[in-house]
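Asker: Could you have a look at this structure, given as structure tokens, before my questions?
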């Protein structure tokens, strides 16, 4: 079979694939520091140089920030067009003193019986995106073409919030349109069990500023008759949740819904140790909505969290003031069909209704995006699950993500595409931290899995 030959090519060329990954990892493409702007461009140019010989029309596309890489396959089969997304930028490697080896000098080490690629960007996201590139390389080497039409988009600003992404989408919508997006920036369930992320929580970011008196006051002279902005804000924040852990904002749960029975059964049957999960973060009991499984709380239930609160004197020692002003940053994680604008409006109304006389509130929005779900009836999902099971010898977990991936929202809202989120990272990869690593098996089986998925999508 042709697929067997392609998989054999991936196996036979693993050492050379690793050399190519190491070459990319040596480029310090740190997007948040302008001192590394030239290195970000060098990483983009390196990728273009790799994609050209694989039958792609590839180019570096300028933006107001770091460039995009866009590539379109020339020789392909006649299946659905896929858009593969990854990002070549990485987090800063600080603190450097905590690295066991220089962060941009990749090395292969063995730890606990597992061979691991150690370098900044090994798992997030250079190792992940190169699994797809190496799968394409094997198809070209064996078949001379890819099984389906492929467009590749590599971004250079994911780690800084993708500020250039929407303008780039707006200017290039027709060129980037495809039948389905493939995103390799997620994790497996464990080292032996693949996963497809089918749910992403949405996000609303709000800042509220409560203003009382015209200026801070001496607590000895005004304590008692003067309203304290910290007290007002703290009381409002305390009322955001009921005793059962549910968010108390009226209308907040509109559009939430319940889990699909298939998903609920699968999550219940997963070997998830709740006590160990909590112990690892120094806790013993779950918070949040009472009576919900921890995986459901993280992946499929909405939340409201105070992320920071500021007011009055916060320096060393004491200063006896009655604060005139206090602020808090709030994040909402959304699920199902919750409307971000409606949640924002309801939160602001909730605060205003609880303000005492002589107080007012100002609000600042820091962004909003809806939750996303991949329909379980998607034919692309069915083929991907079958391909992953063929590679790993066990069914792929359909998992959720408590976080948000803005690019996936853009694919849906701006390009009308669903996304298959298939990643090969592990929860101990230490992404964003010193000594980031990517298991060699993740890299190897990731390339084999993408070969299987592309082949399946062509059927």
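Asker: Being in contact (Cβ under 8 Å) with a residue 60 or more places away in the chain, buried (at least 20 other Cβ atoms within 10 Å of the Cβ), over 25 Å from residue 375 (Cα atoms) and under 21 Å from the mean Cα position of the chain (by Cα) narrows it down to one residue among 119, 181; which is it?
Answerer: That would be 119, the only listed residue that is in contact (Cβ under 8 Å) with a residue 60 or more places away in the chain, buried (at least 20 other Cβ atoms within 10 Å of the Cβ), over 25 Å from residue 375 (Cα atoms) and under 21 Å from the mean Cα position of the chain (by Cα).
Asker: Can you tell me which condition residue 360 does not meet? The list is (1) farther than 15 Å from residue 209 by Cβ; (2) surrounded by fewer than 16 Cβ atoms within 10 Å (Cβ to Cβ); (3) over 34 Å from the mean Cα position of the chain (by Cα), and all the others hold.
Answerer: So residue 360 meets the others, but not (1).
Asker: Another question, if that's okay. Residues that are without any contact (Cβ under 8 Å) to a residue 12 or more places away in the chain: find the helices (runs of 4 or more DSSP H) completely inside the stretch 205-270 holding 2 or more of those.
Answerer: Where helices (runs of 4 or more DSSP H) fall fully within the stretch 205-270 and carry at least 2 residues being without any contact (Cβ under 8 Å) to a residue 12 or more places away in the chain, they are 229-238, 261-269.
Asker: Report whether or not residue 457 is buried (at least 16 other Cβ atoms within 10 Å of the Cβ) and either under 30 Å from residue 172 (Cβ atoms) or touching a helix residue (DSSP H, G or I) at 6+ places or on another chain (Cβ under 7 Å) (or both).
Answerer: Details: buried (at least 16 other Cβ atoms within 10 Å of the Cβ): yes; either under 30 Å from residue 172 (Cβ atoms) or touching a helix residue (DSSP H, G or I) at 6+ places or on another chain (Cβ under 7 Å) (or both): yes.
Criteria met by residue 457.
Asker: Just to be sure before I move on: is residue 113 without any contact (Cβ under 8 Å) to a residue 40 or more places away in the chain and farther than 23 Å from residue 409 by Cβ in the structure I sent?
Answerer: Numbers: without any contact (Cβ under 8 Å) to a residue 40 or more places away in the chain: yes; farther than 23 Å from residue 409 by Cβ: yes.
Criteria met by residue 113.
Asker: Every residue in the stretch 419-430 that is touching a helix residue (DSSP H, G or I) at 6+ places or on another chain (Cβ under 7 Å) and not in a strand (DSSP E or B), please.
Answerer: Answer for the stretch 419-430, where residues must be touching a helix residue (DSSP H, G or I) at 6+ places or on another chain (Cβ under 7 Å) and not in a strand (DSSP E or B): 422, 423, 424, 426, 429.
Asker: Show the residue pairs meeting these rules: Cβ distance below 7 Å; 6+ apart or different chains; first residue within the stretch 17-29 and closer than 13 Å to residue 440 by Cβ; second residue part of a loop (DSSP other than H, G, I, E, B) and modelled with pLDDT of 95 or more.
Answerer: Listed pairs, sorted by first residue: 22/106.
Asker: Within the stretch 56-84, track down each residue that is free of Cβ contacts under 8 Å to residues at least 24 places away in the same chain and assigned to a strand (DSSP E or B).
Answerer: 57, 59, 60
Asker: Determine whether the stretch 157-165 contains at least one residue that is surrounded by 20 or more Cβ atoms within 10 Å (Cβ to Cβ), on the phi > 0 side of the Ramachandran plot and within 19 Å of the chain's Cα centre (by Cα).
Answerer: Checked the stretch 157-165: at least one residue is surrounded by 20 or more Cβ atoms within 10 Å (Cβ to Cβ), on the phi > 0 side of the Ramachandran plot and within 19 Å of the chain's Cα centre (by Cα).
Asker: Here's something else I'd like to know. Name every residue in the stretch 368-382 that is closer than 18 Å to residue 338 by Cβ and exposed (fewer than 13 other Cβ atoms within 10 Å of the Cβ), in order of residue number. Steps first, answer last, please.
Answerer: From the stretch 368-382, those closer than 18 Å to residue 338 by Cβ are 368-375; that's our starting set.
375, the sole residue that qualifies.
Asker: Only one of 349, 290, 328 is touching a strand residue (DSSP E or B) at 6+ places or on another chain (Cβ under 8 Å) and either farther than 17 Å from residue 401 by Cβ or not in a strand (DSSP E or B) (or both); which? Don't jump to the end; show me each part of the working.
Answerer: Numbers: 349 fails: touching a strand residue (DSSP E or B) at 6+ places or on another chain (Cβ under 8 Å); 290 fails: touching a strand residue (DSSP E or B) at 6+ places or on another chain (Cβ under 8 Å).
Criteria check complete, one pass: 328.
Yes or no, residue by residue, for (1) assigned by TED's automatic domain parsing to the domain that holds residue 349; (2) surrounded by fewer than 21 Cβ atoms within 10 Å (Cβ to Cβ); (3) modelled with pLDDT of 95 or more; (4) not in a loop (DSSP other than H, G, I, E, B):
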residue	(1), (2), (3), (4)
384	no, no, yes, yes
411	no, no, no, yes
414	no, yes, no, yes
432	no, yes, no, no
443	no, no, yes, yes
451	no, no, yes, yes
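The values are calculated or read from the model by the stated rules, or taken from the named source; none is laboratory data. The structure displayed is predicted, hence computed values, not measured ones. Counting neighbours? That spans all protein chains shown, and the Cβs are built from the backbone with ideal geometry, glycine included.
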